[in-house]
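Step one of this worksheet: look at the structure below.
Where a number appears in this text, it was derived from the coordinates with a stated rule and is not lab data. Bear in mind the structure is a predicted one, so any value in this text is a computation, not a measurement. As a convention, Cβ positions derive from the backbone with ideal geometry for all residues, glycine included, and neighbour counts pool all protein chains shown.
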Amino acid sequence: MSRIQLALNVDDIDTAVDFYSTLFDTPPAKRRPGYANFAVENPPVKLVLFENPEATGTLNHVGVERTSMDEVQAEADRLEGAGLTLDVEGDVVCCYARQDKHWVTGPDGQRWENYVVLADAHPELEGKTNADLAALDCAGATSGSGCC
């Protein structure tokens, strides 16, 4: 099932996870330091939270999670055929997952991604917080694996 992705910047990841777990009556599908995502069935949405106190309350990005690389490619072909320019990223680690994707920029500067998740990344960080990493003195261990 394809679904809209909504990625938000939040001040405190734990408070946001509690709120959105209650709001959508579903626990996060993935938790990493400063990051959580929810695969909400009703309404079908992929909600992604980034702990980013400097940008609290702002949209991080939007996207459409696809079920296959064929769907991502079909969208790429359709959008390019309509004259839009794509920023293609193949087999990248983003949002703690290996993904194939492309980005397109809307008329007001908003970036949309079409993507498919190929595999999980850094599952050993599930449920950990930035404070946990600082206590382990390994905060740099996830460099480049956060996201988008």
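Distance from the Cα centroid of region 76-127 to that of region 1-20 is 18 Å (rounded to whole angstrom).
So what is the calculated 222 nm ellipticity per residue for the chain, using -39500 (n - 2.57) for each DSSP H run with n of 4 or more, over all residues, to the nearest 500 deg cm²/dmol?
Working: 3 runs with 31 residues, N = 148.
One gets -6000 deg cm²/dmol as the mean residue ellipticity at 222 nm.
Between amide H atoms placed 1.01 Å from N, distances below 5 Å from A97 occur with A121, all of them 5 or more places distant or on a separate chain.
In this label model, E126 and T15 are separated by 2.8 nm, measuring between points 7 Å along each Cα→Cβ vector.
Residues in region 28-40 carry Karplus couplings, in order, of x, 7, 8, 10, 9, x, x, 8, 8, 9, 10, 9, 7 Hz; the curve used is 6.51 cos²θ - 1.76 cosθ + 1.60 with θ = phi - 60°, and Gly or Pro positions show x. Any idea what angle helix 13-24 forms with the longest principal axis of the chain, computed on alpha-carbon atoms, 0 to 90 degrees, nearest 10? Taking Cα atoms only, the helix is inclined about 60 degrees. Each residue of region 5-10 was assigned a 3J(HN,Hα) from its phi angle through the Karplus expression (A = 6.51, B = -1.76, C = 1.60, θ = phi - 60°), giving 10, 10, 10, 10, 8, 10 Hz with x at Gly and Pro.
Counting other Cβ atoms within 10 Å as a rough exposure proxy, the listed residues L86, L59, L8, L49 run L59, L86, L8, L49 from fewest neighbours to most. Taking Cα centre as origin and charging only the Cβ of basic (Lys, Arg, +1) and acidic (Asp, Glu, -1) residues, the dipole magnitude of the chain rounds to 120 debye. Using a Debye calculation, one point per C-alpha and no hydration shell, please list log10 I(q)/I(0) for the chain at q = 0.13 Å⁻¹ in order. Computed log10 I(q)/I(0) values: -0.60.
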